[in-house]
Every structure is written in C-alpha cells, then in structure tokens.
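Take a look at the structure below.
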Amino acid sequence: MPPSADLIVENASILTMDPDTPRAEAIAIKGGDIIAIADRASVLDYKGPGTRVIDAGGGSVLPGFIEAHMHLFGGAAELDNLHLAGVHGFDALRDAIRPFASARPNARLLLGAGVDYSILSSDEPVTRHHLDRIIPDRPFAMSASDHHTMWANTKALEQAGILHGRQLGPGNEIVMGADGLAAGELREGEAFGPILEHFGQNRTRLGLTGGEPEPYPSGEELASDRDLMHRGLQWCAQHGITSIQNMDGNLYQLELLAGLEEEGRLLCRTKIPFHFKNFMALDILEKASRMAAAYKSEWLSSGMVKVFYDGVLDSWTAVMVDDYADRPGWRGEPLFTPEHFAQVAVEADRRGLQIAVHSIGDGAVRAVLDGYQAAQKANGKRDSRHRVEHIEVTTPSDVPRFAELGVIASMQPPHPPGAMNFPLEPTLSRIGREKWPLSYAWRALKNAGARVVFASDWPVSPVDPILGIQAAVMRKPWAEGLPDQSFSLHESIAGYTVEGAYAEFMERRKGRLKPGYMADLVVLSADIEATAPEALHTVRPVTTICGGKITYQA
C-alpha cells in the first residue's frame, strides 16, 4: 500500500515545469514534500482516512512563484501609505492627499508612494511649494515608484533639518532652489533618509542602509515589526508566492523572520542578504559570513551580499557609458568606483558568498561584470551565480559576458516603460533612441545564453507574478524596427519558478513539481494556458501551498 498523503490536489491542469513529465492531473503531498504527481486515478491511491482533498476545478496548478527581487519589510510598511500610481495633475494630487491626511489626524508624517516623475506634467518638476499649497501645516513626503526620489513639503524638510541642504555622498542630492533652500526634490537614500529617520519610519529601511536598529527595539516595537513582516508575507502568499529572495537585509530582519517561524507564521521561504554600502570597510563582510552560517535552512537563509552600484534613469542617477540623451555632459555618478567594487566582489566571492548588484545604466552593468570577472581571476572559477539586478540598459559587447561569466540576469517584467504601469516618459528620452534596442533586453540576454530570472521589485511594482507574466508575454517594442524582447507564456512562468530556484541554488528542491521536491504550489482560478494573453490578469491564485501547508485560500 502506498503511504497515505496529507493533502491531494485533484481535477487540475498541472504544469509541472519538469521536462520529463510536463503535465499531470493530480498531486499528492506528505510531510511537506511531493510524493506523487500523475493521473487522477494513480494519485488517489494515496488517499487515506485523514487526507485532505482539494478540487482544483480544472484550473492550472503551477510550482509556487519564486519572487527573486523584492523588499518585504518596506513593502509591508507601504501597504498603508497613500498610493499615487496613476494620479496625474495638481488637482488630482490635491484630491488624493487631503482626504488621506484628514483620515489620519495623529500621523506624525504622512507618506505617499508610487509617484510618476511626470505627476504634474512632463515639464514641471514637483517642488515643496506645490505640496505646501496642498498641505502646508503637516509634514508630508511622497516617493517615486522606483523609491529613488522623494518629494517633501517645507514642514517635513524643516523638521528633518534639511531645508538648508546637507553634504551628501556621491550619487545623492538634495536639489536646491534659487532661494538657497531645498526645492523639495530628494534624490537617493542619503537625501531623503533624514526625513524617515526623524519621523521614526526608519526600521523598515535599515536593510537598505546596512544598519541595525539602535537602540534595539522594545518588546512592543519588536512584536509590531513582526506583525508588519507577517502582513507582508500574507500579501505575498495571497499572490501565489512561496519563496522570496529579498533584496535588502540585515540581521534584524532575519531575527524577525526567525521569530515568525517559531510562532508558525513564516508563510514563505525567505532569503535575506547583507547590504554592503560604499562607506564600509571590507572586513564587515565577516558579518555577512556569520549571517550565512547562522541562517541556512530551507525556510530562512542568508549567504548573499547586496550592493547598489548606481541609481535610476528617471533622476539621471543611473550610470551610463555615454552621456544621457537628454542631458549632454552627464553620465551619472557611481556609488562605487570600478576598482572599489572589484575589491568588494573579490572579497565576497572569496568567502563563498553570492553577490547581487543593483545596476541600471549600461555603465553600471559593465563595471559590475568587470568586478565579477576580477573575482573569477583572483579566486578561480566556481559556480557562484552572482547576479546583476535590473539591467535596464546594456551594450552589445556586454550581452555575451553574462553567459561567459555564469552571471544571472535578474530582471523585472513590470519595469519597461509602457509594459505595465510605468509611463513612457521621461525614461525613453533619458535613454535615447540609439540605446532602445538593448534596453530591458530580456530576449537578447536569454538568446545569448544568460539565465534570466523574473521578479516585481515590490513595492516598486505590484507584487503579483501573474501581472508580471502578462507584462512579459504582452511586451511590445517602442518603435518599428526594434527587436521583440517579449517572452512566451512558458518562458515567463519559468522566470518566476525554475529560474528563481536556480538563482538560489535550490533547483533540485523547488521550482518544479516532481516527487521529492518541496510541496510549494499554487492553484489558479482558471487554466492559464487556455487564457488569452490580454486576459491573464483575470487568472487568480485560489490556494497557495508552501511546504505542504495551506498559506492562502481565497
């Protein structure tokens, strides 16, 4: 007699992502792993008196989605912010902010998120004066959807002590007005960090600054932060996500998640990196090694070093090989020199750590690939699976280097302008037509042999992998004659499953549905393969299962 399963999902259109057995009708789970996946009759042999059976109603069952680049703690905190995506024009901005403020009379700082750079118009930048006309008497700040720029009113700038500007590190800027005071636009984390710090909004951001909370949070704050993290995990589970590769991190986040695991509330497998900043000495990487040694289970792990090499295109802080098309003489300012980054890469690689670097401009992408090449030369070639995050612009000579160096291209289908919720401008003008063919070049990189992994970068874009899959399938070139960078449905699903597992060295345990693999899967409301590309967003997760436990049910 076969063993009795804990859980069976039947009447399903299962897409296993396993080339040996691509399709099945039912799946049996025991002890957190898959024990059988086959036709319905064979799998029902595993049904015992205590087996729970889920009828998928003919809907697709896929491996649980692996979100390969996101910000869990910050995304969770932002669920309560004022969401300004799609808001355009001064009147619409005012009509969004005022009721939000009225409903929160006791908030020390009012925060908006998801702002388009062209929220007022394509040629009128937001200033503190605009925001003062809407809300003069309470501190208010709002961040761009990419989280690299913030705009604040006078009250917020004043109380945070930056109305008169401040000396900052390279690549960060408090934009100053003609009156000698801050104009309201704050470019990059060092510029807007003082606002979040002053108003006690900083613990969720410490994973981006490489810091730990000081003083250590009280018991009440700790419990509150754990609940916040749990809310983020619930939001992920609701979207069919079973694994998270977080892209900011510190020891504190690992401790919060370990606390949730003890309480039985860790709903997704989570990987947390150590965040290395340009002001740190190389020996701090010992902390990354300690985090890797302490956290290495299938539920909670570390072992990655995250670095920012540049900023973003829309604020001219991404680092380019050539001048910006709309700003002659300017190529962006790197957060590291190429030599400094190479030293970091060599040392992290020597320690056996994986490296993931935010690199948006083609100049940043090249410098990071050079650093990985230097690490290979210094330490010898190994299966390191270092990553380049975003790659919004690259060059013909750098495309083949990904495969040559064994480097993962970590990309986000919602990010190309026009693909989902980002407008075409100002990004297309910043890049310039000459560089459009190799902008957000998923297909070019894949065709050149690179492993391409997909994600949302939540809260930069909605966390929903199905929206990302739709964006990847539906992507259209910006002009005639440009290469088609879109992915097929199967390639897009693989970007959120198979490739995500490979990116964290777990391809023998997850990313596919087969016996002996983790029971991480998502049951969808319809057959995703039978759904028209433009209707993919209507397909919803109805049940998410992680490690054999139901983590979400519609």
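The values are calculated or read from the model by the stated rules, or taken from the named source; none is laboratory data. Bear in mind the structure is a predicted one, so any value in this text is a computation, not a measurement. As a convention, Cβ positions derive from the backbone with ideal geometry for all residues, glycine included, and neighbour counts pool all protein chains shown.
One line per residue, one yes/no per condition, for (1) charged (D, E, K, R); (2) closer than 30 Å to MET420 by Cβ; (3) modelled with pLDDT under 95:
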{"residue": "ALA160", "(1), (2), (3)": "no, no, no"}
{"residue": "GLY165", "(1), (2), (3)": "no, no, no"}
{"residue": "ARG187", "(1), (2), (3)": "yes, yes, no"}
{"residue": "THR204", "(1), (2), (3)": "no, yes, yes"}
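In the range 446-459, which residues are out of contact with any Phe, Trp or Tyr (no Cβ under 6 Å at 6 or more places or on another chain), of a type outside the set (S, T, N, Q) and surrounded by 24 or more Cβ atoms within 10 Å (Cβ to Cβ)?
Result: VAL453, ALA455, ASP457, TRP458, PRO459.
Might you let me know whether the range 487-494 holds any residue that is of a type in the set (Asp, Glu), at pLDDT 95 or above and either farther than 20 Å from GLU298 by Cα or in contact with a Ser or Thr (Cβ under 8 Å, 6 or more places away or on another chain) (or both)? Before the answer, list the steps.
Filtering the range 487-494 down to residues of a type in the set (Asp, Glu) leaves 491.
From the residues that got through so far, the ones that are at pLDDT 95 or above too are 491.
Add one more test, that the residue is either farther than 20 Å from GLU298 by Cα or in contact with a Ser or Thr (Cβ under 8 Å, 6 or more places away or on another chain) (or both), and what stays is 491.
Within the range 487-494, one or more residues are of a type in the set (Asp, Glu), at pLDDT 95 or above and either farther than 20 Å from GLU298 by Cα or in contact with a Ser or Thr (Cβ under 8 Å, 6 or more places away or on another chain) (or both).
At pLDDT 95 or above, assigned by TED's automatic domain parsing to the domain that holds ALA85 and in contact with a strand residue (DSSP E or B) (Cβ under 9 Å, 6 or more places away or on another chain): is that true of LEU196 in this structure?
Numbers: at pLDDT 95 or above: no; assigned by TED's automatic domain parsing to the domain that holds ALA85: yes; in contact with a strand residue (DSSP E or B) (Cβ under 9 Å, 6 or more places away or on another chain): yes.
In short, no.
Please indicate, with yes or no, whether at least one residue in the range 66-74 is more than 30 Å from ARG509 (Cβ to Cβ) and in contact (Cβ under 8 Å) with a residue 12 or more places away in the chain.
No, every residue in the range 66-74 fails to be more than 30 Å from ARG509 (Cβ to Cβ) and in contact (Cβ under 8 Å) with a residue 12 or more places away in the chain.
Please work out which one of (1) more than 30 Å from LEU267 (Cβ to Cβ); (2) part of a loop (DSSP other than H, G, I, E, B); (3) free of Cβ contacts under 8 Å to residues at least 12 places away in the same chain is the condition TYR216 fails and give its number.
Every condition holds for TYR216 apart from (1).
Would you confirm whether or not the range 429-436 contains a residue that is part of a loop (DSSP other than H, G, I, E, B), among the hydroxyl-bearing types (Ser, Thr, Tyr) and surrounded by fewer than 22 Cβ atoms within 10 Å (Cβ to Cβ)?
No: the range 429-436 contains no residue that is part of a loop (DSSP other than H, G, I, E, B), among the hydroxyl-bearing types (Ser, Thr, Tyr) and surrounded by fewer than 22 Cβ atoms within 10 Å (Cβ to Cβ).
Tally the residues that are of a type outside the set (S, T, N, Q) and in a loop (DSSP other than H, G, I, E, B), restricting the search to the range 141-175.
Here is the first cut: in the range 141-175, the residues of a type outside the set (S, T, N, Q) are 141-142, 144, 146-148, 150-152, 155-158, 160-166, 168-171, 173-175.
Checking the rest, the ones that are also in a loop (DSSP other than H, G, I, E, B) come to 146-148, 160-166, 168-171.
Summing the residues that are of a type outside the set (S, T, N, Q) and in a loop (DSSP other than H, G, I, E, B) in the range 141-175 gives 14.
Select from the range 479-495 the residues that are over 15 Å from ILE528 (Cβ atoms) and surrounded by 17 or more Cβ atoms within 10 Å (Cβ to Cβ) and list them in ascending order. Outline the logic, then answer.
If we filter the range 479-495 for residues that are over 15 Å from ILE528 (Cβ atoms), which is where we start, we get 479-486.
Result: GLN485, SER486.
I'm checking my understanding of the structure. Among residues of the range 1-19 that are closer than 22 Å to HIS490 by Cα and of a type in the set (Ser, Thr, Tyr), which one is surrounded by the fewest Cβ atoms within 10 Å (Cβ to Cβ)?
Among residues in the range 1-19 that are closer than 22 Å to HIS490 by Cα and of a type in the set (Ser, Thr, Tyr), the one surrounded by the fewest Cβ atoms within 10 Å (Cβ to Cβ) is SER13.
Let me spell it out: the conditions are (1) surrounded by fewer than 21 Cβ atoms within 10 Å (Cβ to Cβ); (2) assigned to a loop (DSSP other than H, G, I, E, B); (3) touching a helix residue (DSSP H, G or I) at 6+ places or on another chain (Cβ under 8 Å), and GLY511 meets all of them except one. Which number is the exception?
(1)
What's the total number of residues in the range 244-303 that are among the aliphatic types (A, V, I, L, M), under 19 Å from GLY75 (Cβ atoms), in contact with a Ser or Thr (Cβ under 8 Å, 6 or more places away or on another chain) and not in a loop (DSSP other than H, G, I, E, B)?
Initial filter on the range 244-303 (among the aliphatic types (A, V, I, L, M)): 244, 247, 251, 254, 256-258, 260, 266-267, 272, 280-282, 284-285, 288, 291-294, 300.
Among the residues that remain, those that are also under 19 Å from GLY75 (Cβ atoms) are: 244, 247, 254, 256-257, 260, 266-267, 272, 300.
Checking which are in contact with a Ser or Thr (Cβ under 8 Å, 6 or more places away or on another chain) leaves us with 244, 254, 257, 267, 272, 300.
In the following step, the residues that additionally are not in a loop (DSSP other than H, G, I, E, B) were identified as 244, 254, 257, 300.
Of the residues in that region, 4 qualify.
Kindly indicate whether any position in the range 349-358 is out of contact with any strand residue (DSSP E or B) (no Cβ under 6 Å at 6 or more places or on another chain), hydrophobic (A, V, I, L, M, F, W, C) and part of a loop (DSSP other than H, G, I, E, B). Outline the logic, then answer.
Step one: filter the range 349-358 for residues out of contact with any strand residue (DSSP E or B) (no Cβ under 6 Å at 6 or more places or on another chain), giving 349-352.
Cutting the leftovers down to hydrophobic (A, V, I, L, M, F, W, C) gives us none.
No - not one qualifying residue is present in the range 349-358.
Please state which of the following conditions GLY449 fails to meet, knowing it meets all the rest: (1) outside any loop (DSSP other than H, G, I, E, B); (2) farther than 14 Å from MET411 by Cβ.
(1)
Before we move on, is ARG133 among the basic types (Lys, Arg) and in a loop (DSSP other than H, G, I, E, B)? Write out each step before concluding.
Numbers: among the basic types (Lys, Arg): yes; in a loop (DSSP other than H, G, I, E, B): no.
In short, no.
Of all residues in the range 438-479, how many are over 16 Å from GLN245 (Cα atoms) and of a type in the set (Phe, Trp, Tyr)?
Summing the residues that are over 16 Å from GLN245 (Cα atoms) and of a type in the set (Phe, Trp, Tyr) in the range 438-479 gives 3.
Here is a check on your reading of the model: is ALA318 modelled with pLDDT of 95 or more and assigned to a loop (DSSP other than H, G, I, E, B)? Please lay out each step first, then the result.
Details: modelled with pLDDT of 95 or more: yes; assigned to a loop (DSSP other than H, G, I, E, B): yes.
Against the criterion (modelled with pLDDT of 95 or more and assigned to a loop (DSSP other than H, G, I, E, B)), ALA318 qualifies.
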